[in-house]
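Colleague: I'd like to ask some things about the structure below.
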Number of protein chains: 2
Amino acid sequence: MRHRRKLLAEAQARGIRLTSQRRALIETIEDAPRHLDAAALLAEARKRDPDIDRATVYRTIDLLKKQGLIDELDLMHVEGEKHYYEVRSSRDHIHLTCVECGAVKEFTSPLFERLKEEIARQNRFDIKVIRLEVGGRCSRCAGEHKAESERSHAARA
Amino acid sequence: MRHRRKLLAEAQARGIRLTSQRRALIETIEDAPRHLDAAALLAEARKRDPDIDRATVYRTIDLLKKQGLIDELDLMHVEGEKHYYEVRSSRDHIHLTCVECGAVKEFTSPLFERLKEEIARQNRFDIKVIRLEVGGRCSRCAGEHKAESERSHAARA
DNA sequence: GTATTTGCAAAAGCTTTGCTGCAAC
DNA sequence: GTTGCAGCAAAGCTTTTGCAAATAC
């Protein structure tokens with residue numbers, strides 16, 4: 001176990017009915033070393049409970065999203081139109097997705113916090129969700145094959 | 001005509017073959033008073049050229065996106081999984097979408113520009129696209145029906 | 001004249017839904 | 001015991017693709 005089950009505890013605290021499927025899904029999201037889309041989440045969760053259905057995955061995602069317990073990402077649609085999920089943390093972070101190699105890096109900054117405050121204050125806008133996603137070329141890809149962006153496509157497959 | 005055809009001119013400058021369909025689509029995006037999704041763009045563009053096909057819309061969007069001439073938005077998926085498009089402007093802006101009434105407000109800030117610089121510098125990341133989307137409650141909805149968030153759902157239908 | 005683009009129609013990909021039986025409290 | 005949830009399968013919505021005919025330069 002990589003950390004204590006914050007998400008699970010929080011779900012429980014909110015009075016969410018904890019079925020065995022939800023438990024498996026929540027634990028899967030919490031333990032995932034990378035961002036999972038619905039299909040990947042289903043596959044991973046089935047290792048804990050083989051009978052989980054796709055519909056349950058989507059319904060649980062929806063529930064957790066509405067409760068503000070998880071956030072939804074696109075990762076700039078670098079690999080299709082899927083959505084990815086992660087536990088919402090107290091400090092929002094930025095996702096940098098490399099359009100060449102697909103690597104995702106997270107980044108936090110006090111400047112981002114300040115910007116959030118400014119957005120809320122100047123627009124009198126009550127922020128519920130915020131998502132800052134960046135697409136571009138990571139330092140590794142920029143360094144390795146400067147003029148040769150084709151190969152990386154094959155490398156991702 | 002609301003402004004001069006910047007997008008059209010830019011497309012031409014890049015050597016994009018300007019077919020009549022592309023012209024109609026580009027002009028439609030440029031003149032739209034709101035953010036259009038693919039279906040709405042198709043419907044609007046057909047007023048200029050009734051024979052335009054859905055496939056052409058998607059192919060043109062793809063082309064313009066790859067050229068960095070338009071940006072793609074989700075508007076926090078407040079109305080389903082569509083994507084919305086807008087002309088890319090020199091100054092990136094933030095989209096605030098009200099989850100109650102669906103209103104979209106744009107916002108720019110020097111702080112956002114500074115944050116972009118910081119992201120690029122600290123991660124040695126070559127930013128190609130950046131998208132900051134915010135979901136929450138706009139001041140109008142907060143003021144009008146503070147404790148009664150149910151009705152607005154019906155109002156949007 | 002030649003390379004690109006279009007329209008059409010079919011399919012693909014991701015997500016949602018109705019309904020019956022089952023599980024949590 | 002009651003209320004809400006899960007599984008199944010089918011449909012929904014948005015987007016993509018193959019191919020022959022049409023179009024731009």
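Colleague: Could you put B:Y85, A:Y58 in order, starting from the residue whose Cβ has the fewest other Cβ atoms within 10 Å? Don't skip to the end; give the middle numbers.
Modeller: Values: B:Y85 22, A:Y58 13.
Ranked by crowding around the Cβ, least crowded first: A:Y58, B:Y85.
Colleague: Just the Cα atoms of the protein assembly as shown: what Rg and Dmax do they give in Å?
Modeller: 21.0, 61
Colleague: FRET efficiency for A:E113 and A:R48, Cβ-Cβ distance as r, R0 = 30 Å, nearest 0.05? Working shown, then result.
Modeller: Values: r = 36 Å, r/R0 = 1.19.
Between A:E113 and A:R48 the formula returns 0.25.
Colleague: Which chain A residue sits with its beta carbon nearest the axis carrying A onto B, and how many Å away is it, rounded to a whole number?
Modeller: Spelled out, residue of A and its Cβ distance from the axis onto B: A:L132, 2.
Colleague: Could I ask something else about it? Taking A:A55 in one copy and the same position in all the others, each labelled 7 Å out along Cα→Cβ, what are the pairwise distances from the first, in nm, shortest first?
Modeller: Once sorted, the set of distances for A:A55 reads 3.5 nm.
Colleague: Using only the alpha carbons, work out the radius of gyration and Dmax of the range B:1-90 in angstrom.
Modeller: Answer for the range B:1-90, Rg first and Dmax second: 12.3, 36 Å.
Colleague: Also, I was wondering about something else. Per residue of chain B, what 222 nm ellipticity follows from adding -39500 (n - 2.57) for every DSSP H run with n ≥ 4, rounded to the nearest 500? Write out the running numbers ahead of the final one.
Modeller: Numbers: 7 runs with 68 residues, N = 157.
Helices in chain B give a 222 nm mean residue ellipticity of -12500 deg cm²/dmol.
Colleague: What is the Cα centroid distance between the range A:84-130 and the range B:35-59, reported in whole angstrom?
Modeller: When both Cα centres are located, 33 Å separates them.
Colleague: How many Cβ atoms of partner chains, on average, are near each residue of A:90-96 if near means within 10 Å of its Cβ?
Modeller: Details: counts 0, 0, 0, 0, 6, 0, 6.
That average works out to 2.
Colleague: Return the distance in nm (one decimal) between the two label points of a simple spin-label model at A:R5 and A:S90, each offset 7 Å from Cα along Cα→Cβ.
Modeller: Calculated label separation equals 2.2 nm.
Colleague: Inside 10 Å of the C-beta atoms of A:102-112, what's the mean count of C-beta atoms belonging to other chains?
Modeller: Partner-chain Cβ atoms within 10 Å, mean over residues of A:102-112: 3.
Colleague: Further, regarding this structure: How do B:S89, B:S109 line up, fewest other C-beta atoms within 10 Å first? Before the final figure, lay out the partial values.
Modeller: On the way: B:S89 11, B:S109 17.
With the fewest neighbours first, B:S89, B:S109 line up as B:S89, B:S109.
Colleague: Going 7 Å from Cα along the Cα-Cβ axis for the label, what nanometre distances separate A:G15 from the same residue across the other copies?
Modeller: Taking the point 7 Å beyond Cα along Cα→Cβ, the inter-copy spacings are 6.5 nm.
Colleague: May I ask you to report, in nm to one decimal and beginning with the shortest, the distances from A:A142 to the same position in the other copies, taking label points 7 Å along Cα-to-Cβ?
Modeller: 3.7
Colleague: OK, next. Cα convex hull of the range B:9-153: mean projected area in nm², to one decimal?
Modeller: Working: hull surface 43.8 nm².
Averaging across all directions leaves 11.0 nm² for the Cα convex hull.
Colleague: If you don't mind, another one. Around B:D92, what is the net charge, scoring Lys/Arg as +1 and Asp/Glu as -1 over all other residues with Cβ under 9 Å from its Cβ?
Modeller: Details: positive: B:R88, B:R91, B:K116, B:R131; negative: B:D71, B:E113.
Once positives and negatives cancel, what remains is +2.
Colleague: What is the antiparallel percent of DSSP beta bridges lying wholly in the range A:44-142, to the nearest 5? It would help to have the intermediate numbers written out before the result.
Modeller: Numbers: 8 of 12 bridges.
So the antiparallel bridges amount to about 65 percent of the total.
None of the figures in this text is laboratory data; all of them are computed from the coordinates on show. From a predicted model like this one, the values you see are computed outputs, not experimental measurements. Every residue, glycine as well, gets a Cβ built from its backbone with ideal geometry; the counts of neighbours run over all protein chains shown.
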